[in-house]
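Okay, so here's the structure we're looking at.
The values are calculated or read from the model by the stated rules, or taken from the named source; none is laboratory data. Note that the structure is predicted; figures quoted are calculated from it, not measured. Using ideal geometry, Cβ is built from the backbone for each residue, glycine included, and neighbour counts are taken over all protein chains shown.
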Amino acid sequence: MSGGRVLVTGATGFVGKGVVPILAEAGFAVRAAVRDPAAMPEGVESAVVGDLRRPVNLTEAFRDVDYVVHSAGLAHAASGVSEEAFRESNVGITAALAAAGRKAGVKRFVLLSSIRAQTGPAAPGVISEADKPQPTDAYGRSKLEAEQVLAEAGIPFVALRPVLIHGPGMRFNMAALMQLARSPWPLPLGRFTAKRSVLARDHLADAITLALRSETMASGPYIVADPEPLSVADMVSAFRYGWERQPGLLPVPAGIVAAAARVSGRGAEIERLRQPLVADPSKLIAAGWRPRLPAMAALAETARRHG
């Protein structure tokens, strides 16, 4: 598979902003499903579909479309959201798009799922697609159900399960860690050595490109993670390398830092950093995916590009 027209949802979001230009560079004609076409970059077609929970003009949006990349939906960082709201957004929209895609005869549907469809926020061992999915929250359950909807829809599909994504414009947990790394002072994180998998947004875009082009990639879920898991100490060091600074990490026992954080009201945040979550991307690598940069170098590049 090469070239062709791809319909992208969520094109103006954090993931979409990184994916759309790489798809265009790869030779795809990109059509974005949007509420407001004024937000689209030059050279990208727009199809105004309104709120995807109650879409309009889907038939027109799918006209002459070969592929779908579905990255829109309700994110796990949304607070105070009910299970039903996650299902309406992440499952209902996927079902509607899958039905429209099947009717239009699309060649492949790529769903941006999440590692949270596979596991909770931490895991004691290395996780892979061979493990039984055990999502622990409403967001993860909605993503797993969206994958199941595609599996039952009778359409060729790939469900990508990315880990924590970083890149220019990132928000939430990784942005908070980068802000911490910006401090001019040494940080007591030298013994935060639990490994976590991370993923550069450009590497995710390359995985999407592969999923669209590959003639041999089987339908199903694929974990997307840079192959080298990193500790929090590694991540802070990488950010600071990107700014041409020394790591400046002090070897304070992680338990002492966590206790101090609890006193300051940031105990839950620090506790998450102490927990491991390592995901194995071997299945995707076997399909032909190759990250552009090692994980540390990719984080340093994000720091340089983020400013």
note = The one condition THR193 fails out of (1) in contact with a strand residue (DSSP E or B) (Cβ under 6 Å, 6 or more places away or on another chain); (2) surrounded by fewer than 22 Cβ atoms within 10 Å (Cβ to Cβ); (3) at pLDDT 95 or above; (4) farther than 26 Å from ALA26 by Cβ is (3)
Which listed residue is touching a helix residue (DSSP H, G or I) at 6+ places or on another chain (Cβ under 6 Å), on the phi < 0 side of the Ramachandran plot, in a strand (DSSP E or B) and not aromatic (Phe, Trp, Tyr), from VAL158, VAL149 = VAL158
key: Tabulated pairs, region 99-114, first farther than 29 Å from GLN134 by Cα, second assigned to a loop (DSSP other than H, G, I, E, B) and basic (Lys, Arg), C-beta under 8 angstrom, 6+ apart or interchain   = ALA104/ARG63
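To keep it simple, each residue is scored yes or no on (1) in a loop (DSSP other than H, G, I, E, B); (2) among the charged types (D, E, K, R); (3) closer than 24 Å to ALA146 by Cβ.
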{"site": "ARG191", "(1), (2), (3)": "yes, yes, no"}
{"site": "LEU199", "(1), (2), (3)": "no, no, yes"}
{"site": "ASP202", "(1), (2), (3)": "no, yes, no"}
{"site": "ASP206", "(1), (2), (3)": "no, yes, yes"}
{"site": "LEU210", "(1), (2), (3)": "no, no, yes"}
{"site": "TYR241", "(1), (2), (3)": "no, no, no"}
{"site": "ARG245", "(1), (2), (3)": "yes, yes, no"}
{"site": "ILE270", "(1), (2), (3)": "no, no, no"}
query = When region 166-183 is examined, which residues are found to be farther than 19 Å from PRO247 by Cβ and either part of a loop (DSSP other than H, G, I, E, B) or hydrophobic (A, V, I, L, M, F, W, C) (or both)?
reply = GLY167, PRO168, GLY169, MET170, ARG171, PHE172, ALA175
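Matching residues to (1) part of a loop (DSSP other than H, G, I, E, B); (2) closer than 21 Å to ILE165 by Cβ; (3) modelled with pLDDT of 80 or more:
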residue	(1), (2), (3)
VAL6	no, yes, yes
LYS17	no, yes, yes
VAL56	yes, no, no
GLU60	no, no, yes
GLY73	yes, yes, yes
ALA78	yes, yes, no
ask   = Under the condition of being in contact with a Lys or Arg (Cβ under 9 Å, 6 or more places away or on another chain) and of a type in the set (D, E, K, R), which residue from region 86-126 is surrounded by the most Cβ atoms within 10 Å (Cβ to Cβ)?
value = ARG116
query = Do you know which residues across region 25-44 are modelled with pLDDT of 75 or more and loosely packed, with under 14 Cβ neighbours inside 10 Å?
reply = GLU25, GLY27, ARG35, GLY43
remark   = How many residues of region 278-307 are hydroxyl-bearing (Ser, Thr, Tyr) and surrounded by fewer than 19 Cβ atoms within 10 Å (Cβ to Cβ)? The answer is 1
